[in-house]
Amino acid sequence: MLVHICCAVDSHYFLQKLQEIYPDEELIAFFYDPNIHPFSEYQLRLLDVKRSCEMLGVELIEGEYDYLGWIEAVRGFENEPEKGARCDICFDNRLQTTAKEAVKLGQNCITTTLLTSPKKSIEQLKTVGKAIKEKYEVLFLAPDFRKNGGTQEQFLLAKKDMLYHQNYCGCIYALSKQRDSQQRLADELFLPISKQIQPSSIEQRIELYKKRVDLEKRGKKYKIVREKFLNYRLLRAYIFQNSKVVPSYLLSYSTLKKEFIKFKIEIEIKDIYFANRENIKLINLSTFNKLLKSNYKNIQDIIKKPPTIEEELSLRNTIIDNLYSLSPIVVLQDIELNDKFKLYLNAQTYDDTRESLIVFS
């Protein structure tokens, strides 16, 4: 039996139920999900599925990440709601490829872990499965493991085995609609040009879950905990210095009440320049290098390869000495006391949660 896999939370429970009901059946897992966006989210879910399959002793095959093909398949259905016509096309796209893979492998039966997802319609999946059975002559198995408390059992198992529990279906259209309804920034779609790892980003989770796999290989005990925190994303910023836009770098958690402000420097103390508005601080590149113990040659170098968020927060605390400050801190190549400035800054702070690893000694 070839089992289409959508994510570890669904597959971990689904595969164990199949092993229980069909103990003599050869199960092969097939991760084919070109709908998942962005690609980093795809990588994160695949990483967790690999761990789950290793725990269960199930062979895993990864399909092609044909994102452009999937986009073309659902073109014109971008605004469909969850469980609408776009989902029919998405199911058909993934299950047809699963059926082709089954024929290639000599398997005569397919199924999908989408059947256990509370956000998916079992009837929709059965309808798609019936058409695929007729076209490819492979049996489509559609067990309902949700009933009789199955969904609750599934989530308890996922929690016990500390699986990655994503908070959106997978595709960009479902994500956008969900974040709009939540009035929340879709920060999953943000990745700085510098590739600096942002707080509670998909990239940060990938690092955490890779470390988790390493800890397990070394037999180390650990726990994944979730905590609330104030998250931050810089959307856009630039600064005029003497009526000319100049290269600049803003430290994380720099915010303004309004997006645009004019200011001048009032005083300079120990190489830190204090502006006359909104507690703005400026430092030049040499001070930045001195405080950070770095050797950047220019501002562009910082933008290309910035310090970590943790290093920036430590630097911010050194300059302002206030853990709760959201005041702008601007790094420029050179600064003079008589310079005039205009700052445009579009950034968001918002309540969020993040995961961290606690390793037992």
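Bear in mind these aren't lab numbers, they're just calculated from the coordinates by the rules spelled out. Nothing here was measured: the structure is a model prediction, and the numbers come from that model. Don't worry about glycine lacking a Cβ; one is built from the backbone with ideal geometry, like all the others, and counts go over all protein chains shown.
When only alpha-carbon atoms count, how far does the range 66-154 stretch along each of its three principal axes, as whole angstroms with the largest first?
Computed over the Cα atoms, the extents are 38, 37, 20 Å.
Please work out the FRET efficiency for the pair R218 and D66, using the Cβ-Cβ distance as r and a Förster radius of 30 Å; give the result to the nearest 0.05.
0.25
I want the local charge near L185. Using Cβ-Cβ distances under 12 Å, sum +1 for each Lys or Arg and -1 for each Asp or Glu among the other residues.
Here the count lands on -2.
How high is the relative contact order of the range 235-336, given as a whole-number percent (alpha carbon pairs under 8 Å, six or more residues apart)?
On the way: 134 pairs, mean separation 39.7, N = 102.
This gives 39 percent for the range 235-336.
Can you tell me which lysines have their Cα less than 20 Å from the Cα of K281? Leave out same-chain residues fewer than eight positions away.
Candidates past the 8-residue exclusion: K244, K257, K258, K262, K264, K270, K290, K293, K340, K342.
Among N289, I193, L95, whose Cα lies farthest out toward the positive end of the dipole of the chain, if unit charges sit on the beta carbon of Lys, Arg (+1) and Asp, Glu (-1)?
Result: N289, furthest along the dipole toward the positive end.
How many angstrom lie between the C-alpha centres of the range 253-312 and the range 331-346?
If you average the Cα positions of each part, the centres end up 9 Å apart.
Which residues among the range 164-202 fall inside the zone where the amide N is under 20 Å from a point 7 Å beyond the Cα of N79, along Cα→Cβ?
Only 171-183 pass the distance filter.
With axes computed from alpha carbons, what is the tilt in degrees of helix 309-320 against the longest principal axis of the chain, rounded to the nearest 10 within 0 to 90?
Value to nearest ten degrees: 30.
Can you compute the FRET efficiency between I358 and Y324 using 1/(1 + (r/R0)^6), with r the Cβ-Cβ distance and R0 = 25 Å? Round to the nearest 0.05. Don't jump to the answer; show the numbers that get you there.
Details: r = 25 Å, r/R0 = 1.00.
My answer for the efficiency is 0.50.
Quick check: pseudo-label points 7 Å beyond the Cα along Cα→Cβ at S294 and Y350, how many nm apart are they?
Spacing of the two 7 Å Cα→Cβ label points: 2.7 nm.
Relative to the longest principal Cα axis of the chain, at what angle does helix 202-217 sit, 0 to 90 degrees, rounded to 10?
60 degrees
On C-alpha positions alone, give me the angle between the axis of helix 8-21 and the longest principal axis of the chain, in degrees, nearest 10.
Helix 8-21 and the main axis of the chain meet at about 20 degrees.
Which FRET efficiency, nearest 0.05, do E153 and E123 yield, Cβ-Cβ r, R0 25 Å? Walk me through the numbers on the way to the answer.
On the way: r = 22 Å, r/R0 = 0.89.
It comes to 0.65.
Using a 7 Å offset from Cα along Cα-Cβ at K262, what residues in the range 318-340 end up with backbone N under 12 Å from the label point?
Only 340 pass the distance filter.
Return the subset of K100/K126; K17/K211; K211/K297 for which the Cα-Cα distance in this structure is over 27 Å, preserving the input order.
K17/K211; K211/K297
Rounded to the nearest 500, what is the chain's calculated 222 nm mean residue ellipticity when only DSSP H runs of at least 4 contribute -39500 (n - 2.57) each, over all residues? Don't skip to the end; give the middle numbers.
Numbers: 11 runs with 139 residues, N = 361.
Mean residue ellipticity, 222 nm, calculated: -12000 deg cm²/dmol.
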